[in-house]
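Report on the structure given below.
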Amino acid sequence: MGIPDWIVVVGYLSLVAGIGFLAARRDDRGDGFFLAGRSIPAWAASFSVVATVLSAATFVGMPQQAFRGDLTYMVFKFAGLPALILVGLFFLPTYFQKARASIYGVVRDRYGDTAGAAAGLSFLLGRLLASGARLFMAAIAVSWAIFGDAEPDRLALTIVLVSIGTAFYAIAGGIRAVIWTDVLQACVAVVVGLVGLFILWNAIDRPWNEIVDLLREGGDRDKLRLFDGSTDPGKGFTVWTGLIGLPVFLVAAYAVDQDHVQRLMTCRNPREGLKAGVLSNLVGWPIAALFLLLGSLLWVETQVHGTIRVGADGDDRAVMVQFMLHELPMGVRGLMIAGLLAAAMSSLDSALNAMAATTMGDLIEPWRRRRNLPPLSDETATRHGRIIMIGWAVLLALVAIGIAAWQSQDDRTLLEFALGVMSYAYAGLLGVFVVAIFTRRGSSKSVISALIIGGLVILATEPVLLRSFDLDGVPKLALGWRMTLAAAIAMAVAAIPAEPRPLHST
C-alpha cells in the first residue's frame, strides 16, 4: 500500500474515533451505557444490526463463498425475515418488560442467580468463539495489507492491533458510540463494495452475456444458482434448510445473543425493535447480493485473465484481499482496506459492549446481591463496564489467535466456519429461553444441563472432530440441521422437571 492509501485509512479511522467521542459526550451511565436510554431511532438501530452482520466474515468470507460455490447463500438471508418477525413478536416484549441491560436476567428471574449466571457464561463463551472468528478473518486481510502476507506471527500481531483499535472507541462512548459509528461503517462498507464491483467489471471487459455463460457453465456447477432443491442434509444452503434449519439458527441469533438483541432493545419499545429488525434484514438482502456478485466476478476474472490467483494449495481465503491489494488503483485500495476495517470494527465493538453488559448484569450484580453489598452507582457501574471491556478485548485477541490454527484444519469456507462456531452457545440458550418464556417447566439444574448438552451435541457433530476420529461414515449435517437437533434436545432437557413452575416467577 502507498502513502495515499494510508492517508485514506488513517483519515477514516480518525473520523470513526471522532464520532465515538462525540457520542461519549452524552451522559450515558449505568444501563444507559449499554442501552442508550432506549432512545435510538429504529432506522439507526437497523443499520447497526446490518453493520454487525456485515463483519469481516461477510466482507472477506462472502466473496469466497461465491468464488468457490454459487449464490445459494442468499437462502440464509431470506430465512432471516421470518426469524426476525418471530423474535419481534414473541421474545422482544418479554425482554422489554423483564430485562435490564442483559437479556439473561429473564433466565435469572425464572430459575435463580445460578441459572442466570450459567446462561450469561454460555453467551460469553459462544461470543468469544464467534467474534474471535470474525477478528481472525479481518486480520487475514489487514495482515496482507500491512506485511504482504499472513504468516502466523504477523497474523497474531495484526489481531492484537485490530482488537486494541476497536476497544479504544467502544470503551469511550458505550452502545451509543457503537450504534452511530456502525451507521457510518455500514455505509462505507457498501460504498466500498460498489466501487470494487465497478472496477472489477471494467477489468474483466467482457459482454454481460459472455460473463453469464461462464458463470452458468461454472466448472462443476451453475455459479448463478440461487436455490438448491437437494435433500442432502450435509449441504448448508438448500431450500429445505432455508425453510426449517436456518430459521431456527437465526431465531437463536436474534433472540438469545446479547450482541444482536441489545441493538433492538435500544429502541423505544418492542414494536420499534421489531421494525428495526425487519428493516435490517431487508436492507441486508441487496448487500449480500453485492458481495456474492463480487465473488462471482472474481471467479470470472480468474477464468478470463488469471491475474487474481488462489494459493498454491487451492487456498481461496484471501481471494478478495488479493483483488484489493493488487488490482485496485492507489487511493481506492486504501478505501477498500478502510471498508474492511469498518466491517471488522463494527462487529467487534458491539461484541465488547454486549459482553460487558452480560458480565455486569448476570455475574457481578448477582454476586454483590448475594453478599448484601449495596448496588453500584451509575458512575461506578460505567467505569467497571469499561474495565471489563478491556479484559474481554484481551481474551478476544487470544481466542482469535487460537482460531487461526483451528480454521487451518477446516475445509469449510470462512463464512460457514464463522457461522458454525456461534452454534455452540446458541443451541442450549435457545432451548432454555423457549422453555423459560413459553412454558411453566424447568429448574436451575435442568437449565444448566441443557446449556451443556446443547453445546455437546454441536461438538459431537463438528466436521473437524468427525474427520479427526476417522468417522467419515457418520452422516454429515449442515449448520441448520445441527442447530435444530441440538436446540430440540436442549429444550427437552430444560423442560424435564415434571412439577410446573409459575411463569416468570422470581
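The values are calculated or read from the model by the stated rules, or taken from the named source; none is laboratory data. Keep in mind the model is a prediction, meaning the values are calculated, not measured. Cβ coordinates were reconstructed from backbone atoms using ideal geometry, including for glycine residues, and neighbour counts include every protein chain displayed.
For the stretch 365-387, filtered to residues that are of a type in the set (A, V, I, L, M, F, W, C) and buried (at least 16 other Cβ atoms within 10 Å of the Cβ), the residue that is nearest to the chain's Cα centre (by Cα) is Ala381.
Can you go through Gly218, Gly242 and tell me which one is under 30 Å from Thr266 (Cβ atoms) and touching a residue at least 60 places away in the same chain (Cβ under 8 Å)? Please lay out each step first, then the result.
Numbers: Gly218 fails: under 30 Å from Thr266 (Cβ atoms).
Selected residue: Gly242, the only one of Gly218, Gly242 that is under 30 Å from Thr266 (Cβ atoms) and touching a residue at least 60 places away in the same chain (Cβ under 8 Å).
Is one or more of the residues making up the stretch 219-236 modelled with pLDDT of 90 or more, of a type in the set (A, V, I, L, M, F, W, C), farther than 20 Å from Ser350 by Cβ and in a helix (DSSP H, G or I)? No, there is no match, as no residue in the stretch 219-236 is modelled with pLDDT of 90 or more, of a type in the set (A, V, I, L, M, F, W, C), farther than 20 Å from Ser350 by Cβ and in a helix (DSSP H, G or I). Taking the numbered list (1) surrounded by fewer than 24 Cβ atoms within 10 Å (Cβ to Cβ); (2) farther than 21 Å from His260 by Cα in turn, Ile159 passes all entries but (1). Just one of the listed residues (Val107, Val87) is under 29 Å from Leu282 (Cβ atoms), β-branched (Val, Ile, Thr) and assigned to a helix (DSSP H, G or I), and it is Val87. Only one of the numbered conditions (1) over 19 Å from the mean Cα position of the chain (by Cα); (2) assigned to a loop (DSSP other than H, G, I, E, B); (3) modelled with pLDDT under 80 is not met by Met330, and that is (3). The residues on offer are Phe76, Phe59, and the sole one that is touching a Leu at 6+ places or on another chain (Cβ under 6 Å) and either at positive phi or at pLDDT 80 or above (or both) is Phe76.
A Cβ distance below 7 Å, combined with a sequence gap of six or more or placement on separate chains, defines the contacts here; from the stretch 361-388, residues that are farther than 25 Å from Leu128 by Cβ reach residues that are surrounded by fewer than 19 Cβ atoms within 10 Å (Cβ to Cβ) in the pairs Arg370/Asp113; Asp378/Arg29; Glu379/Arg29.
Listed here are the residues, each with its yes/no results for (1) of a type in the set (Asp, Glu); (2) more than 30 Å from Ala318 (Cα to Cα); (3) surrounded by fewer than 24 Cβ atoms within 10 Å (Cβ to Cβ).
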position	(1), (2), (3)
Lys98	no, yes, yes
Arg110	no, yes, no
Leu121	no, yes, yes
Met137	no, no, no
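Here Met360 fulfils each of the conditions (1) assigned to a helix (DSSP H, G or I); (2) within 30 Å of Ile204 (Cβ to Cβ); (3) at pLDDT 80 or above apart from (2).
Evaluate the stretch 61-75: report whether one residue or more is outside any helix (DSSP H, G or I) and aromatic (Phe, Trp, Tyr). Yes. Return a yes/no flag: does the stretch 179-192 have any residue that is outside any helix (DSSP H, G or I) and at pLDDT 75 or above. For the stretch 179-192, residues outside any helix (DSSP H, G or I) and at pLDDT 75 or above: absent. All conditions in (1) modelled with pLDDT under 85; (2) aliphatic (A, V, I, L, M); (3) in a helix (DSSP H, G or I); (4) surrounded by fewer than 21 Cβ atoms within 10 Å (Cβ to Cβ) hold for Leu398, with the sole exception of (1).
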